[in-house]
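Worksheet for the structure shown next.
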Amino acid sequence: MKILEGKTAIITGASRGIGRAIAIKFASEGANVIFTDLAYDENAISLEKELKAMGVKAKGYASNASNHDDCMNLIDEVLKDFERIDILVNNAGITKDGLLMRMSEEQWDAVINVNLKSVFNMTKAVQKVMLKQRSGSIVNVSSVVGVGGNAGQANYSASKAGIIGFTKSIAKELGGRNIRCNAVAPGFIITEMTAKLPEEVVTGWFEKIPLKRGGTPEEVANVITFLGSDMSSYVSGQVINICGAMQT
Ligand code: NAD
């Protein structure tokens with residue numbers, strides 16, 4: 001049996017990387033998939049095609065998750081085409097790394113807005129639908145550095161730690177309406193985001209990881225599929241690390 005059969009999910013920042021892997025895994029488990037990214041470009045078009053070919057309803061939207069009005073308008077648009085939203089995955093994220101000494105206000109604001117404010121925007125926009133349904137599962141993509149911190153990533157770590165506080169609060173606030181909220185904290189996952197790093201930095205990381213390798217987007221998508229599905233129906237307010245034991 002497909003574990004997401006009959007469910008409709010929305011995933012932010014899904015044209016590539018981890019978001020794309022989540023969209024594909026969700027569709028393979030029978031979910032209808034709504035996804036967003038900054039632009040409805042060739043990546044988005046190809047993903048939409050791939051999802052539809054898997055026999056589910058799928059639609060991509062250009063929407064900036066850090067913009068409050070964009071998110072509100074997005075959900076109004078989505079509801080013209082889809083009847084419900086069972087799963088929200090707040091995946092969109094960016095890095096603008098640098099030591100605090102050199103970190104500009106622009107680098108700080110951009111990362112907080114895209115990584116953290118987006119989670120507020122989208123959860124607020126989707127909550128009205130989930131409240132009406134009296135069910136829903138929200139999964140927020142944090143990071144191991146949101147749990148443990150990282151030199152050169154004060155803005156990113158703060159945004160990802162903020163997501164954890166938000167997740168735990170929403171789990172307590174909306175639990176009575178049968179809405180669950182969890183976070184995942186991936187470690188080093190091989191995507192275009194991490195491809196920006198110099199090779200020696202990457203090998204250095206791999207040596208420190210007990211499983212001795214980076215994770216794949218599919219390995220993150222598997223855990224998010226569990227959290228989105230009814231298989232995790234008594235799991236809420238939790239942070240699950242997906243990091244090859246990098247952080248224990
Ligand atoms: P990625 O850069 O490959 O993909 C991110 C996607 O989000 C892109 O398609 C991008 O266009 C989109 N996006 C950026 N800003 C957006 C906005 N304002 N609105 C909508 N979409 C936007 O990154 P990834 O590695 O796939 O990361 C996905 C998530 O996982 C991020 O939240 C990231 O912080 C988190 N994460 C990644 C790693 C890793 O090692 N790759 C580790 C821990 C957490």
Net charge (Lys, Arg +1; Asp, Glu -1) of residues whose beta-carbon lies under 14 Å from that of MET231, MET231 excluded, is 0
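Which of the pairs LYS7/LYS168; LYS57/LYS208; LYS132/LYS168 have their Cα atoms more than 31 Å apart in this structure?
Values: LYS7/LYS168 24 Å; LYS57/LYS208 42 Å; LYS132/LYS168 21 Å.
Result: LYS57/LYS208 exceed 31 Å.
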Which listed pairs, of LYS96/LYS212; LYS52/LYS128; LYS96/LYS160, have C-alpha distances above 18 Å, in listed order
LYS96/LYS212; LYS52/LYS128
For the chain, which whole-number percentage of the solvent-accessible area (1.4 Å probe, protein heavy atoms only) is attributable to carbon and sulfur atoms?
53
Taking the Cα atoms of segment 188-248, report the difference between the largest and smallest coordinate on each principal axis, in whole Å and largest first.
42, 24, 16
Relative contact order computed over segment 137-248 (Cα-Cα under 8 Å; 6+ residues apart), in percent
35
What FRET efficiency do you get for ARG84 and THR194 if R0 is 30 Å and r is their Cβ-Cβ distance, rounded to the nearest 0.05?
0.30
Rounded to two decimals, the Rg over Rh value of segment 121-223 from Cα coordinates and the Kirkwood Rh reads 1.06
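Where does the charge balance sit around GLU42 when Lys and Arg score +1, Asp and Glu -1, over other residues with C-beta under 14 Å from its C-beta?
Details: positive: ARG16, ARG20, LYS49; negative: ASP37, ASP41, GLU48, GLU50.
Computed value for this residue: -1.
Once the cut-off is 35 Å, how many percent of the Cα-Cα pairs in the chain end up in the long-distance tail? The partial results should precede the final answer.
On the way: 2857 of 30628 pairs.
So the pairs more than 35 Å apart make up 9 percent of the total in the chain.
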Hull surface divided by four, with the convex hull built on the Cα atoms of segment 53-148: how many nm²?
8.1
Between HIS68 and ILE45, the FRET efficiency computed from the C-beta separation at R0 = 35 Å comes out, to the nearest 0.05, as 0.85
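The values are calculated or read from the model by the stated rules, or taken from the named source; none is laboratory data. Predicted model only: the values in this text are computed from it and were never measured. No Cβ is skipped: glycine too gets one built from the backbone with ideal geometry, and neighbour counts run over all protein chains shown. Surface accessibility is based on the protein's heavy atoms, side chains included, excluding ligands, DNA and RNA. Shrake-Rupley method; radii C 1.70, N 1.55, O 1.52, S 1.80 Å.
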